[in-house]
Amino acid sequence: MAAAATCGTGAGSTGSIGAAACKNNVTSFQRKGPRASGTDSGCSRLVSIAGTRPSVRNGQLLVSTGLPALDQLLGGGLAVGTVLLIEEDKYNTYSSLLFKYFLAEGIINGHTLLVASAKENPADTLQELPAPLLDDNCKKDFDEDVCNHKTPDSNIKMKIAWRYQLLPKMEQSGPVSSSRFGHYYDASKRMPQELIEASKWHGFFFPEKLSSTLTIEPCSLTGGYRKLLQFIQNVIYEEGFDGSNPQKKQKNILRIGIQNLGSPLWGDDICCTENCDNSHSLTKFLYVLRGLLRTSLSACIITMPTHLIQNKAVIARVTNLSDTVVGLESFIGSERETNPLYKDYHGLIHIRQIPRLNNLIYDVSDVKDLAFKLKRKLFTIEWVQDNYLRQERNIYPPGFSYLLKQKDSAWGEGSLQHSTFLMSFLAKATAFASRLVRHSEPLKQTGSGRILQAAGPRLWHDGRRQATPGLLAIPPSSSHAEL
Amino acid sequence: MFPELNNLLNTTPDRTEQGKLTLLCDAKTDGSFLVHHFLSFYLKANCKVCFVALVQSFSHYNIVGRKLGVSLTAARECGQLVFLEGLKSSVDVFFRAQAEPHPLQFLREADAGSLQPVYEFVREALKPVEDGQAAWRYPVLLVDDLSVLLSLGLGAVAVLDFMHYCRVAVCWEQKGNIVALVHDSGDAEDEENDILLNGLSHQSHLILRAEGLATGFCRDVHGQLRILWRTPSQPAAQRDRSLTYQYKIQDKSVSFFAKGMSPAVL
């Protein structure tokens, strides 16, 4: 590489190791705009790459993750040169779906793909990619989805709910043409064969590469990771994604997808025991991968079964070494599957980390409790009220007046946001109550029978709600008939 | 640099203490804004800075530095800044054998390496110029960050040894300053990281600890900063001074306020 050459000759003085001004140094963090053009020489030619757009905040080049809803949560998309780490859900159902969306987006935009897996042959993975929703044939089906999905909640106006109105609506727009940034995919159909064959992809299937030779001498990385790094570096250099190959002038993005990184199939025992021999293997791999990505026009998605990693310290280190971290938690087999709050959804999505690139601040959505569902064809992400709020309702039963005092902490009890949230929440609680009550049902005795439920808004006829405090009534003499 | 943070720390670029180790620590939040502050602060103070940047690329610091009023490319070209870009160098070191010893040589080693090449690099970068013309005031070593060295296979003791050697070379011999960032893993039970953090806390003169709010995410208050002034060489009877502020990071600056006095609440 040209970078290494200049550094090698001038390695006598220490200044040159870092200070070698490599003119053809392509980093992916090119600032858009005339001010940056003095130092960043490749600035103008990055603008015209298909499937990318500059971020509105810092001019960073972004690619779509394949899910417009996720793009919006990540601040517009995935930055070129960064890693998106997906913490897999328990049975790897939805994380593999997100993986395929990422690859499908690459095919639609004409990007080069690099798919690495130890479990499934990349050729088979590519056959299973979802089909894009590209034209108006599907618009009718999509509109049906949107109509079914309108809940009665939206009909109820929030009276003291100015905070709710500030919350962002998730993207609900319809299918779009292929020149747009993010695309929608139909998970029930396969991508057309001709699109797959027209695309350029490289596959790394670890069981096939077991016998190949290595040029990297043994270090603390396990064999699988070393071979994968070597493969990625070869592709980046041969195809010219880092601008160092004089024969190749590349103006495309390389999308790297690595599946189930850290699982025992890669030869790593980090998911098997708590004190493993090579505990630094995975973190070293991520560091060198980050170095490769930062110096080339590529974006990477990694799915990792973090629920299997027993050493929490490793998970913290892996999170620090990745740029964007998204965790998926599916409801399959968990107690939340029967929770009425989550009955429309398939799982929760946690945005654990978003990078601050070229900036002190970053785009973070205010909404923290997000759930996803795979409804018929589309994968949507929505805000859902969490358990905290359900318990909050129990503490503040309606029919009483409350004095909320403001205290000093930012989001503790009594803070301004908390109080406003509570007020709007209580307004919503009564609205919910009006849905739940069945007026034909007889009044149930709760508790020991000594305390009667007074006339008023009757809530929580599921029997769990105890009697309203403070409303004592003389028990009817019929309950003591045995005397 | 952030003028409000300078006021809190009671320093200006013209009037700073020398021979001090400043420890930056973050827990449940991102403390990199402190690294940007000190980088631009010392460049404006006309010091010779050696920056060991292991987690981000040069252009990242450059773009943020421009917002804060310093140009890293100009500083590098005139020799004020010596920049070790960890990510780019790691790719060079890892994929091809280097003829001369490289600072990041430990990436190629099978068992736990040592940080001696990095120490040699720092020492070489910050050694005083012999011709007597003192262009810069005093040397400063900035490390971002030390926790990633633990992820690369080095032990906590090796990193502590490296910091000790650097303190002797920079703080004691040349009366310069050192600023280093360490992540606090909190409840993740990272023993090596805790050893490193505790060891450095006992050696440092100033600890800046950025913490996320205990109550969770807030749009107007991004976190809490604890400032602790220490005197490692004095007997423990003398009490250390400590202050706590909450902060909000904006596009080009960070605003600090007393706890509970966020403009959004008042």
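Take each residue in A:352-361, count the other chain C-beta atoms within 10 Å of its C-beta, and the mean is 6.
Given a 1.4 Å probe and heavy atoms of the protein chains only, how would you sort B:Thr11, B:Thr22, largest accessible area at the top? Write down the numbers at each step before the final one.
Working: B:Thr11 35, B:Thr22 10 Å².
Ranked from most to least accessible, the order is B:Thr11, B:Thr22.
Between A:Ala187 and A:Asp269, the C-beta separation translates, for a Förster distance of 35 Å, into a calculated FRET efficiency of about 0.55.
Pairs A:Lys248/B:Lys88; A:Lys119/A:Lys200; A:Lys90/A:Lys373; B:Lys20/B:Lys88; A:Lys368/B:Lys248: which are spaced more than 24 Å apart, C-alpha to C-alpha?
Numbers: A:Lys248/B:Lys88 21 Å; A:Lys119/A:Lys200 22 Å; A:Lys90/A:Lys373 16 Å; B:Lys20/B:Lys88 30 Å; A:Lys368/B:Lys248 19 Å.
Flagged as over cut-off: B:Lys20/B:Lys88.
Calculate the FRET efficiency for B:Arg241 and A:Ser365 from the Cβ-Cβ distance with a Förster distance of 45 Å, rounded to the nearest 0.05. The value I calculate is 0.70. FRET efficiency for the A:Leu134 to B:Lys175 pair, using the beta carbon distance and R₀ = 51 Å, is estimated at 0.15. The Rg/Rh ratio of the range B:3-258, with both radii computed over alpha carbons and Rh defined as the Kirkwood radius, is 0.95. Buried on complex formation within the range A:226-255 (loss of at least 30 square angstrom of accessible surface versus the isolated chain, 1.4 Å probe, ligands and nucleic acids ignored): A:Gln233.
Interface size between chain A and chain B, please: total buried accessible area, 1.4 Å probe, rounded to the nearest 100 Å². Before the final figure, lay out the partial values.
Details: alone 25330 and 13740 Å², together 33410 Å².
Chains A and B together bury approximately 5700 Å².
The spacing between the range A:315-358 and the range B:146-206, judged by their C-alpha centroids, is 32 Å. In this simple spin-label model, placing a label point 7 Å from the Cα along the Cα-to-Cβ direction at both A:Glu194 and B:Lys67 gives a separation of 4.7 nm. In order along the range A:255-271, phi translates into HN-Hα couplings of 9, 9, x, 10, 9, 6, 5, x, 6, x, 5, 8, x, 10, 9, 6, 8 Hz, rounded to whole numbers, per the Karplus curve 6.51 cos²θ - 1.76 cosθ + 1.60 with θ = phi - 60° and x for Gly and Pro.
Taken along the Cα-to-beta-carbon direction at a fixed 7 Å, the label points for A:Leu308 and B:Glu17 span 5.1 nm.
Modelled label positions at B:Met261 and A:Tyr91, each set 7 Å beyond Cα in the direction of Cβ, lie 5.6 nm from each other. Dipole size of chain B about its Cα centre, with +1 on Lys/Arg Cβ and -1 on Asp/Glu Cβ: approximately 1100 debye, rounded to the nearest 20.
The values are calculated or read from the model by the stated rules, or taken from the named source; none is laboratory data. The structure presented is a predicted model; accordingly, all values stated were derived computationally and were not measured. Note: ideal-geometry Cβ built from the backbone for every residue, glycine included; neighbour counts use all protein chains shown. Quick note on the areas: whole protein, heavy atoms, side chains included, nothing else; ligands and nucleic acids left out. Shrake-Rupley method; radii C 1.70, N 1.55, O 1.52, S 1.80 Å.
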